[in-house]
Amino acid sequence: MQDDIPGAFDPASDLDSNEIRVLGVLAEKEALTPDIYPMSLNALMNGCNQTSSRAPVMQLPEDVVHDTLQRLMQRKLVNGISQAGARVVKYEHRMRIKWSLEQDKLAVLTVLMLRGPQTAGEIRTRSGRLHDFKSVAEAESALQFLIDKYPPLVARLDRLPGTKEARYGQLLGGPVALAPELARVDTGAGAGTGAPAGGRVGQLEQEVATLRAEVEDLKAQFAAFRQQFE
């Protein structure tokens with residue numbers, strides 16, 4: 001297993017886990033729920049604390065999300081917008097402009113920011129609502145673009161023992177390390193059972209995760225709508 005990847009994003013400006021989560025949520029909701037984008041602080045907090053489509057699951061209080069936004073605005077990665085007639089400030093990310101990313105590349109980076117290291121096949125499946133990759137090869141092409149940028153935004157991780165596909169991880173927080181729980185999943189007792197990867201159970205789990213994400217999106221939209229009348 002490869003513990004660290006050289007060529008990290010930028011040691012002078014590495015993002016912490018809260019900053020990565022906030023940016024990832026802004027990019028995700030821009031594509032999934034454009035009606036409530038840019039996002040209010042409350043809606044953004046709800047997105048950060050979703051229990052679906054997140055790894056790890058986090059519980060960030062409002063003041064932490066607010067402080068995180070202030071740091072991101074200082075880094076020119078987030079804009080705060082005061083809309084005419086609105087009682088709250090809304091926030092939008094600037095990753096597309098900052099790093100010259102088209103939507104397919106941004107979708108890949110967003111999924112890695114929100115769900116940790118994944119294979120190209122997993123990225124293709126999980127980014128379907130952000131960008132529709134027609135094949136794994138298309139997802140790999142987007143990944144290669146992010147790897148080839150200077151400094152790189154993504155790294156290809158060594159394959160774990162007993163696995164056929166390499167995983168990829170984002171470098172915004174510095175050198176990538178595969179989470180221990182991922183190693184256990186890939187190399188533990190279940191690896192030798194002969195169950196095909198991405199089989200029926202995996203497909204059902206992905207469908208459930210997608211449905212949960214849709215419910216969380218609806219919750220965020222309702223929270224933003226209700227806030228207009230509070």
HN-Hα J in Hz across segment 135-146 - Karplus 6.51, -1.76, 1.60, θ = phi - 60°, x for Gly and Pro: 7, 5, 4, 5, 5, 5, 5, 5, 4, 5, 4, 5
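Quick check: with the 1.4 Å probe, what order do 57, 136 take by accessible area, largest first?
The ranking, largest first, comes out as 57, 136.
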Volume of the Cα convex hull of segment 84-179, divided per residue and given in Å³: 129 Å³
Cα-Cα pairs of segment 1-157 separated by more than 25 Å (percent): 28 percent
What percentages make up the Cα-Cα pair-distance distribution of segment 60-107 when the bins are 10 Å wide from 0? 24, 42, 31, 3
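Ordering 97, 20 by accessible area with a probe of 1.4 Å, largest first, what comes out?
97, 20
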So what is the relative contact order for segment 15-73, in percent, with contacts set as C-alpha pairs under 8 Å and at least six apart? 37 percent
Using a Förster radius of 25 Å, what is the FRET efficiency between residue 100 and residue 138 based on their Cβ-Cβ separation? Nearest 0.05, please. 0.85
Can you bin segment 82-134 into rounded, prolate or oblate? Criterion: square roots of the alpha carbon gyration tensor eigenvalues sorted a ≥ b ≥ c, rounded for a/c under 1.5, prolate for a/b above b/c, oblate for the rest. prolate
Filter the cross-link list 76/98; 29/134; 29/90; 76/105 down to pairs whose alpha-carbon distance in this structure exceeds 18 Å. 29/134; 76/105
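The values are calculated or read from the model by the stated rules, or taken from the named source; none is laboratory data. Keep in mind that this is a model prediction, so the values were computed, not measured. As a convention, Cβ positions derive from the backbone with ideal geometry for all residues, glycine included, and neighbour counts pool all protein chains shown. The accessibility values were calculated without ligands, DNA or RNA, using every heavy atom of the protein model including side chains. Shrake-Rupley method; radii C 1.70, N 1.55, O 1.52, S 1.80 Å.
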